[in-house]
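Chemist: This structure is in C-alpha cells; I'll ask about it shortly.
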Amino acid sequence: MNAQKYFTKKALAFSIFMAIFVGMTFALGITLTENAKVLAQQEQQQQQQQNQSSIPHNAKGHQSHQVVIFQNSSDGVRYSGTVTFNLSKPADVISFDDVTGKQPTNNTKIWEVGDKKFATTTLLKNVTQGSVNFNGSGILAHSTQSDLYNGSFTLNSTAISNSDSGR
C-alpha cells in the first residue's frame with residue numbers, strides 16, 4: 001500500500017509540475033509573440049514612406065531656400081541612419097550637427113537657426129533620388145531655389161548619443 005501512495009504522490013507532483021510548466025510556457029509564448037508584434041510595428045512605423053512638400057529654410061540667410069526635412073534635430077540627440085528619397089526637383093542632401101557653444105573649424109559651414117548653430121556636411125549634390133547614410137543631429141534636402149518641390153522618403157534612424165557627450 002505504501003508503494004501505491006508513494007506512486008500516487010509522485011504522479012500528482014509530476015502532474016502539478018507539468019501543469020505549471022505548460023502554463024508558464026504558454027504565458028512566455030504569448031509574451032514573446034506580443035513583444036515581437038510591438039517591435040515589428042515600431043520598425044514598420046519607423047520605416048514607413050513619408051511624403052512632404054518643401055518648406056522655407058529657417059536658417060539665417062537661407063529664408064528664400066526650400067527644404068524637405070528627413071530627420072529634424074532634437075535637443076542634444078545625434079542620429080545614425082539611412083534615408084532613401086525621391087525629390088521632384090534637384091536638391092543637395094545635407095546632414096547637420098548642433099555646435100551651439102562649440103568652436104567649429106574654419107572650413108565648416110554654419111547655419112544659424114534662432115539661438116542655435118549647426119555645422120553642415122553636404123552628402124549628395126544636385127540629386128533627385130538616392131539613398132545615403134548619415135550621422136548627425138539631422139538630415140534634409142536643401143534647394144537654393146524658392147520654388148516648392150515634393151519629396152518622398154523612407155528614414156531608418158537610431159538615436160546614437162547625446163551630442164554633448166563624447167564628441
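Chemist: Report the gain in length on full extension from Ala19 to Ser74: 0.36 nm times residue separation, minus Cα-Cα distance, nm rounded to one decimal.
Modeler: Values: separation 55, 0.36 × 55 = 19.80 nm, distance 5.03 nm.
Stretched fully, the Ala19-Ser74 segment lengthens by 14.8 nm.
Chemist: Would you calculate the convex hull of the Cα atoms in region 49-162 and tell me its volume per residue in Å³? Numbers along the way, then the final one.
Modeler: Numbers: hull volume 10.8 nm³, N = 114.
Each residue corresponds to 94 Å³ of Cα convex hull volume.
Chemist: Determine the alpha carbon to alpha carbon distance for each of Lys60/Lys102; Lys60/Lys116; Lys60/Lys109 and list only those over 21 Å.
Modeler: Working: Lys60/Lys102 18 Å; Lys60/Lys116 11 Å; Lys60/Lys109 12 Å.
Beyond 21 Å between Cα atoms: no listed pair.
Chemist: Moving on. Which cross-chain or sequence-distant (5 or more) residues have an amide H under 5 Å from the amide H of Val77, H modelled 1.01 Å from N in plane?
Modeler: Residues meeting the criterion, in which the H sits 1.01 Å from N, are Ser163.
Chemist: Taking K and R as +1 and D and E as -1, what net charge do the other residues with C-beta under 14 Å from the C-beta of Val127 add up to?
Modeler: On the way: positive: Lys89, Lys125; negative: Asp92.
Net local charge, Val127 excluded: +1.
Chemist: Sort the following peptides by mean Cβ neighbour count (other Cβ atoms within 10 Å, averaged over residues), highest first: 87-99, 60-72.
Modeler: Values: 87-99: 20.5, 60-72: 16.6.
Packing order, densest peptide first, comes out as 87-99, 60-72.
None of the figures in this text is laboratory data; all of them are computed from the coordinates on show. Since the model is a prediction, treat every value here as computed from it, not as a measurement. Quick reminder, even Gly has a Cβ in these numbers, built from the backbone with ideal geometry, and neighbours come from all protein chains shown.
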